[in-house]
Amino acid sequence: MLIKKLIVQLPRGLQARNTTIFVRLAFSFKSEIVLAKDGKTTVGRNIMGIMDLAIKEGDKITLMVDGIDEQAAIETLEKCLLNSSCIKI
């Protein structure tokens, strides 16, 4: 299992459009993906669960990935949360 603590740097955080892109990325991996914020957790493939976390720019979150492609998954998802280049506006 890989765990990363991050500060979200997406200009509007994980609002609906960004969350949809994040979830699509999460579905591209076989590993289990979990996001946590302020003691609440959700599966990285659950769009409503992620929206419920209300992740905004500057929020501290934890990204946990466990599985056969965990290294690729955590690197890709971390880049998405730290760099808006994966979010096409």
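Rule-based calculations on the coordinates, nothing more; no lab input. Please read all numbers here as calculations on a predicted model, not as lab measurements. When we count neighbours, we look across all protein chains shown, and the Cβ atoms used for this are built from the backbone with ideal geometry, even at glycine.
Observations, loosely collected:
- Dipole orientation for the chain: of the candidates Gln71, Gly44, Thr20, Thr20 has the Cα lying most toward the positive pole (charges on Cβ; Lys, Arg +1; Asp, Glu -1).
- Mean-position separation - Cα centroids, the stretch 6-28 and the stretch 44-75, in angstrom: 8
- In this rough spin-label picture, where each label sits 7 Å from Cα along the Cβ direction, the Met48-Thr62 distance is 2.5 nm.
- From its DSSP helices (H runs of at least four residues, each -39,500 (n - 2.57)), the chain gives a residue-normalised ellipticity at 222 nm of -11000 deg cm²/dmol.
- For the stretch 27-69, the relative contact order comes to 50 percent (Cα pairs under 8 Å, sequence separation of at least 6).
- For the chain: relative contact order, % (alpha-carbon pairs under 8 angstrom, 6 or more apart): 44
- Which label in [x] 4.7; [y] 7.7; [z] 9.8 gives the computed mean projected area of the Cα convex hull in nm²: [x]
- Unit Cα scatterers, Debye sum, the stretch 1-47: log10 I(q)/I(0) for q = 0.24, 0.33 Å⁻¹: -1.06, -1.36
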